[in-house]
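What follows is a single structure, written as structure tokens, with notes after it.
The values are calculated or read from the model by the stated rules, or taken from the named source; none is laboratory data. Predicted model only: the values in this text are computed from it and were never measured. As a convention, Cβ positions derive from the backbone with ideal geometry for all residues, glycine included, and neighbour counts pool all protein chains shown. With ligands, DNA and RNA removed, areas are computed over all heavy atoms of the protein, side chains included. Shrake-Rupley method; radii C 1.70, N 1.55, O 1.52, S 1.80 Å.
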Amino acid sequence: QVQLVESGGGLVQPGGSLKLECAASGSIFSIRAMGWYRQAPGKRREFVATITTGGITTYSNSVKGRFTISIDNAKNTVYLQMNSLKPEDTAVYYCNAEVMDSGSLAYMDHWGKGTLVTVSS
């Protein structure tokens, strides 16, 4: 089994910053990529950013230039530095990882339970 645990969410004023962290643990043989998705109230889950273990990053247009994703391969941990936050960034942020566990020959998607980010004055 693979577990993803997010942390770092909270309440922040518009224009402020937060840093999210997600640590993967369990029967991990290999990780191919890790990323972040978010779901605002009443909306579908949407892509935010992803990073491969080789350091290749992809961002949604809505966060490009404001958010920075990074990864610590030794710790199986991904980070999301969020700057210049806007009220529309308010959402539950979910961590995602493409993991090959010790009993499989294929990469599978795993998800964390989410951490709430609220941007409000």
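Taking a straight Cα-Cα cut-off under 20 Å and skipping sequence neighbours fewer than 8 places away in the same chain, the aspartates and glutamates within cross-link reach of residue 43 are 88, 89. Largest first, the residues 21, 98, 6 sort by 1.4 Å accessible area into 21, 98, 6.
About its Cα centre, how strong a charge dipole does region 55-120 have in debye, to the nearest 20, once Lys and Arg get +1 and Asp and Glu get -1 at the Cβ? Please list the in-between numbers first.
On the way: 5 positive and 6 negative charges, 49 e Å.
Rounded to the nearest 20 debye, it is 240 debye.
Please return the longest range in the chain lying between exposed loop sites, taking trypsin sites (Lys or Arg not before Pro), DSSP loop only, at most 13 other beta-carbon atoms within 10 Å, and leaving the sites out. The longest uninterrupted stretch comes out as 65-112. Of the accessible area of the chain, computed with a 1.4 Å probe over protein heavy atoms only, carbon and sulfur atoms account for 50 percent.
Mind checking the per residue accessible area of region 1-65 for me, 1.4 Å probe, whole number of Å²? Show your work: numbers first, answer last.
Numbers: 3730 Å² over 65 residues.
Value returned for region 1-65: 57 Å² of accessible area per residue.
Normalised by the number of residues in the chain, the average gap of Cα pairs under 8 Å and 6 or more apart makes the relative contact order 37 percent. Magnitude of the charge dipole for the chain, about its Cα centre and with charges confined to Cβ atoms of Lys, Arg (+1) and Asp, Glu (-1), is about 280 debye.
Here's the list of lysines a cross-link from residue 19 could span, going by alpha-carbon distance under 21 Å and ignoring same-chain residues fewer than 8 apart: 64, 75, 86, 113.
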